[in-house]
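Peer 1: My structure is below; once you've seen it, I'll send some questions.
What follows is calculated from the coordinates using simple rules that are stated; it is not laboratory data. Keep in mind that what you see is a predicted model, and the values were worked out from it rather than measured. Reconstructed Cβ throughout: ideal geometry from the backbone, glycine too, with neighbour counts over all protein chains shown.
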Amino acid sequence: MRIAVLADIHGNLLALDAVLDDLKHRGGADITVNLGDCVSGPLWPRETMERLQALNLPTVRGNHDRRVAQDPDDETMWPSDRYAQERLTGLQREALLALPLTLEVLPGVVAFHARPDHDEKYLADAITDGRLVRAPLAAIRRRLKSLDPACGIVLCGHSHRAELIRIPGGPVIFNPGSIGCPAYDDDTPPAHVSEQGTPHARYGIVELGEQGRPDRFEAIAVDYDHEAAARQAEQAGRPEWAHALRTGFMPD
């Protein structure tokens with residue numbers, strides 16, 4: 001059994017198509033799961049949503065999926081969410097809001113965007129000197145308390161940082177990294193950045209063996225026309241996005 005794991009597409013249709021093509025060349029997957037944050041960003045939100053709706057993948061709701069669907073008169077809406085909201089149909093926004101917070105992909109394999117009980121708080125990360133780093137094991141354990149003890153594999157995104165962590169006596173946590181947004185800054189206190197360090201589109205593959213036990217985890221980085229994506233961000237008035245798409249880092 002092969003599970004392809006997609007996360008944090010953020011409206012980057014070019015990156016998504018490159019990942020889907022790479023997956024096809026690798027023989028495909030039995031199940032492809034989408035971990036949310038589908039369209040938010042100054043790129044191709046409506047086109048990305050249309051592609052995802054045609055694929056009809058098992059999908060969980062990300063924090064930006066929820067925010068894109070919020071009241072359009074809310075003045076606190078973040079620019080990337082507003083850009084996407086203005087380009088989606090009402091039915092598409094409703095579809096994002098209706099996505100589940102968690103999803104059991106297979107027995108013992110649970111998917112969610114950030115944490116099992118929250119779509120916007122980090123699971124495996126802490127903030128140190130304005131950057132995301134791996135959180136202490138004790139903190140990760142606490143954040144998984146609401147999870148069924150029978151869960152053996154956790155699939156999550158949100159941080160845009162590829163991670164593979166085996167919790168002693170607990171599940172394996174796998175975050176494939178972000179398909180469409182290789183770096184971002186967040187001014188929510190404490191302000192911080194996340195940087196993948198290259199412009200590649202990231203996704204993952206999990207191979208299960210006997211009794212659903214994980215045999216292999218693969219974090220994959222795929223090259224694509226990130227320059228075209230950067231130009232699209234520039235046309236939308238988001239030079240910091242363009243820099244992130246070109247480099248995998250936020251501007252100094």
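Peer 1: With each pseudo-label sitting 7 Å past Cα toward Cβ, what's the L91-D185 distance in nm, one decimal?
Peer 2: 4.0
Peer 1: Evaluate 2.2 N^0.38 Å with N set to the residue count of segment 1-110, then give the Cα radius of gyration divided by it.
Peer 2: Relative to the 2.2 N^0.38 Å estimate, segment 1-110 comes out at 1.07.
Peer 1: When the dipole is taken about the Cα centre of the chain, and only Lys, Arg (+1) and Asp, Glu (-1) are charged at their Cβ, what size is it in debye, to the nearest 20?
Peer 2: With only Lys, Arg, Asp and Glu charged at Cβ, the dipole is about 740 debye.
Peer 1: Something else now. For a protection proxy built on the mean count of beta-carbon atoms within 10 angstrom, sort 22-34, 145-157, 3-15 highest first, please.
Peer 2: Order by mean packing, descending: 3-15, 145-157, 22-34.
Peer 1: Please report, in Å, the Rg and the Dmax of segment 79-193, where both are computed over Cα atoms only.
Peer 2: Rg then Dmax for segment 79-193, in Å: 15.3, 46.
Peer 1: What number, in percent, do you get for the relative contact order of the chain if the mean sequence gap of Cα pairs under 8 Å and at least 6 apart is divided by its residue count?
Peer 2: Computed value for the chain: 21 percent relative contact order.
Peer 1: What's the exposure ranking of F217, F112, F174, going from fewest to most Cβ atoms within 10 Å?
Peer 2: The fewest-first ordering by Cβ neighbours comes to F217, F112, F174.
Peer 1: Another question, then. Using alpha carbon centroids, what distance separates segment 191-225 and segment 84-145, in Å?
Peer 2: One Cα centre to the other: 16 Å.
Peer 1: How big is the antiparallel share of DSSP beta bridges in the chain, given as a percent to the nearest 5?
Peer 2: Bridges in the chain that DSSP calls antiparallel: roughly 70 percent.
Peer 1: Could you give me the radius of gyration and the Dmax of the chain, taking only the C-alpha atoms into account and expressing both in angstrom?
Peer 2: For the chain, the Cα-based Rg and Dmax read 16.9, 52 Å.
Peer 1: As a check on your grasp of the helix formula, calculate [θ] at 222 nm for the chain: sum -39500 (n - 2.57) over DSSP H runs of n ≥ 4, divide by the residue count, round to the nearest 500.
Peer 2: Dividing the helical sum by the residues of the chain leaves -8000 deg cm²/dmol.
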